[in-house]
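Chemist: Mind looking over this structure? Questions follow.
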């Protein structure tokens, strides 16, 4: 397991991908580089890396956390088995665990972040400003500094299918005479066949419960996908898949079959149509893809248990969602004040009526 950071060709400091510019920047000398330039260097900066002395530093029992050595400061970096990129908690330099993005576990495509950390924080404060009863510690600047950019793994499925529909169409008309209302129903045999293509049907590729953090900020503009390069992980967290394509295949094909009949019977001249649809799948392709999200989580201990709350923002479109805690004391106080105000107003009205 190789552990490395991407180095600045000017000063040797760590490079991070900058979502707001689409370039790679150094926080030390403030140099900014385009990917084409970096790739054109004789000593390719993406190959000129400072590796740790060893590869995998240690491994606990299956399902436990893994420990690696940070290539910048030597500190231990602890991750779980589905993390592909992370940060050193001591020197804060980005670390990419290349064994997690190699061979069969290497993603084919990726959507780069378009919003950087500051933009994500601004979006958060603009959104939270409308929430009156959120505890102060949730919206504190210290807590918001914990917001993290994470690439989540997904399968995007492409399918080609032969679809056919056989059934009955009915055209119903109504007329009337002086003495009768007449309903006429004409029955037609309906047969339709088509070649149907489906693109980018999405399924999550991560079993962990925190997948809901990213699911709430869909959809993504997958037409902007680029070929995967590990350099885009630098400065962010990333999860690798632990769900295989075969595990989601039945779900995807069931969704396609659900689409087929409406597609084959759309814009028909009939009042109603009923029948059976058959779908025969010819070709399929599952693309392992990483999609970006900014995540802020918060656990509030109440009644002896920790209930997680979260804020999530789509790293490409800026769409936000969240499940937030409520300051019950403040809410009850406002309710009491409102109730008191209503009672006082009623008392005044009743005094003048009497």
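Laboratory data are not the source of any read-out in this text; all were calculated from the coordinates shown. Just so it is clear, the model here is predicted, and its values are computed rather than measured. When we count neighbours, we look across all protein chains shown, and the Cβ atoms used for this are built from the backbone with ideal geometry, even at glycine.
Chemist: Between residue 280 and residue 187, what length in nm is gained on full extension when 0.36 nm per residue of separation is reduced by their alpha carbon distance?
Modeler: 30.7 nm
Chemist: Per 0.36 nm of contour for each residue apart, how much would the distance between residue 122 and residue 229 grow if the chain were fully extended, relative to their Cα-Cα spacing?
Modeler: Contour length minus the Cα-Cα distance gives 35.7 nm.
Chemist: Right, here's the next one. Going highest first, how would you order 282-291, 235-244, 171-180, 221-230 by mean Cβ packing within 10 Å?
Modeler: Going from most to least packed, we get 235-244, 282-291, 221-230, 171-180.
Chemist: Next question. Which FRET efficiency, nearest 0.05, do residue 143 and residue 194 yield, Cβ-Cβ r, R0 56 Å?
Modeler: Computed FRET efficiency for residue 143 and residue 194 comes out at 0.55.
Chemist: If you average 1/r over all unlike Cα pairs in region 158-282 and invert the result, what Kirkwood radius do you get in angstrom?
Modeler: For region 158-282, the Kirkwood estimate is 18.9 Å.
Chemist: Can you give the FRET efficiency to the nearest 0.05 for residue 272 and residue 218, using r as the Cβ-Cβ distance and R₀ = 41 Å?
Modeler: Here the calculated transfer efficiency is 0.75.
Chemist: Right, another one. Using the count of nearby Cβ atoms within 10 Å as a rough guide to exposure, how do 127, 155, 294 rank from fewest to most?
Modeler: The order, fewest Cβ neighbours first, is 127, 155, 294.
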